[in-house]
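Scroll down for the structure; my scribbles are underneath it.
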Amino acid sequence: MLTDSHSHLDMGDFDQDREKVILGAMENGITRIITVGIDLKSSRKALDLAKKYPTVFATVGCHPHDADRCSGEILKRLADLSSAREVVAWGEIGLDFYKGYSARENQVEIFEQQVAMARELHMPVIIHDREAHEQVLSVLKRGGKRERQGVIHCFSGDLDLARSFIDLGYYISIPGTVTYKKALMMKEVAASIPLERLLVETDAPFLAPVPQRGKRNEPAFVRHTVKEIARLRDTTFEEVAVQTTKNAVDLFGLS
């Protein structure tokens, strides 16, 4: 049993074979897939998919790329969507100082608003952090420590940063890039943090793992990520699969 804790099944990359991809994941032992909203439109699509497929769960949120366009009205509509039983988290939210598609001050403001909204709704958050490690950590520190805080998606920091997030109650999610030969820092994180605080993801259709690198990523490929983590930790595939699925179930309250 495996769980892909972060994918984007609503994206156009899957328009020609979305159902085949979902069924193919099930055939490969992926029993739960979380498809993640990045704006109002994609959040609605994610919810529609979760209503259609019992193995799919949805999230809602406003990605930092869209912070300039994320109004109070949009946040209200996202909050309305979040009441559906198929919605298990608020996200993908956070900061992206690499692409810079939205002004930094707007990213921080919208991020803080969404963290507060998720806390009021008693929902875990899915955090995007790209070249904004200290700023993201600062925002999350102000919220204090508690259980079921959320997850740092597609983690890209070092081991010390991972431990700082874990100390606040967050999980660390490892994507397929851990299979890349030069991803030494990510390999160290995957090998060293407590297995009880680790999730696995594809971020499909992006970041396909070896041996699928360069192709469209899909939930079935999360198996390669689990295999590499097991190798790094000198343990079995089954142990990593079972524990990361338990972690996802606990964090997101999955059925």
Given (1) buried (at least 20 other Cβ atoms within 10 Å of the Cβ); (2) touching a residue at least 60 places away in the same chain (Cβ under 8 Å); (3) closer than 17 Å to Gly176 by Cβ, number of the condition Asn247 does not satisfy:
(3)
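Condition check: polar (S, T, N, Q) and touching a Lys or Arg at 6+ places or on another chain (Cβ under 9 Å). Does Ser156 satisfy that?
On the way: polar (S, T, N, Q): yes; touching a Lys or Arg at 6+ places or on another chain (Cβ under 9 Å): yes.
Yes: the conditions hold for Ser156.
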Take the conditions in contact with a Pro (Cβ under 9 Å, 6 or more places away or on another chain), among the small types (Gly, Ala, Ser) and touching a residue at least 60 places away in the same chain (Cβ under 8 Å) and apply them to Ala118. Does it pass?
no
Taking region 1-54 as the region of interest, how many residues are in a loop (DSSP other than H, G, I, E, B) and in contact with a strand residue (DSSP E or B) (Cβ under 7 Å, 6 or more places away or on another chain)?
8
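State whether one or more residues within region 86-100 are of a type in the set (Lys, Arg) and at pLDDT 95 or above. Reasoning before the result, please.
Within region 86-100, the first condition is being of a type in the set (Lys, Arg), and the residues that meet it are 99.
Applying the additional criterion that residues be at pLDDT 95 or above yields none.
Within region 86-100, not a single residue is of a type in the set (Lys, Arg) and at pLDDT 95 or above.
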Give just the number: which of (1) in contact (Cβ under 8 Å) with a residue 40 or more places away in the chain; (2) under 26 Å from Ala58 (Cα atoms); (3) touching a strand residue (DSSP E or B) at 6+ places or on another chain (Cβ under 6 Å) does Gln135 not satisfy?
(2)
Where in region 141-255 are there strands (runs of 3 or more DSSP E), lying wholly inside it, with at least 1 residues that are over 20 Å from Met1 (Cα atoms) and not small (Gly, Ala, Ser)?
150-152, 170-174
Test: residue in region 206-217 that is surrounded by 15 or more Cβ atoms within 10 Å (Cβ to Cβ) and closer than 23 Å to Arg148 by Cβ:
no
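Taking the stated definitions as given, is Met26 aliphatic (A, V, I, L, M), closer than 16 Å to Glu201 by Cβ, in contact (Cβ under 8 Å) with a residue 12 or more places away in the chain and surrounded by fewer than 23 Cβ atoms within 10 Å (Cβ to Cβ)?
On the way: aliphatic (A, V, I, L, M): yes; closer than 16 Å to Glu201 by Cβ: no; in contact (Cβ under 8 Å) with a residue 12 or more places away in the chain: yes; surrounded by fewer than 23 Cβ atoms within 10 Å (Cβ to Cβ): yes.
Here the answer is no, as Met26 does not meet what is asked.
Test of understanding: among Phe206, Phe165, which residue is touching a Phe, Trp or Tyr at 6+ places or on another chain (Cβ under 9 Å) and under 19 Å from Ile126 (Cβ atoms)? Full working, then the answer.
Numbers: Phe206 fails: touching a Phe, Trp or Tyr at 6+ places or on another chain (Cβ under 9 Å).
It is Phe165.
Take the residues in region 234-244 that are crowded, with 22+ Cβ neighbours inside 10 Å and among the β-branched types (Val, Ile, Thr), then tell me which one is nearest to the chain's Cα centre (by Cα).
Of region 234-244, the ones crowded, with 22+ Cβ neighbours inside 10 Å are 240-241, 244.
From what's left, among the β-branched types (Val, Ile, Thr): 240, 244.
On the way: Val240: 17, Thr244: 13 Å.
This residue is Thr244.
The values are calculated or read from the model by the stated rules, or taken from the named source; none is laboratory data. From a predicted model like this one, the values you see are computed outputs, not experimental measurements. So basically every Cβ, Gly included, is an ideal-geometry build from the backbone, and we count neighbours across all protein chains shown.
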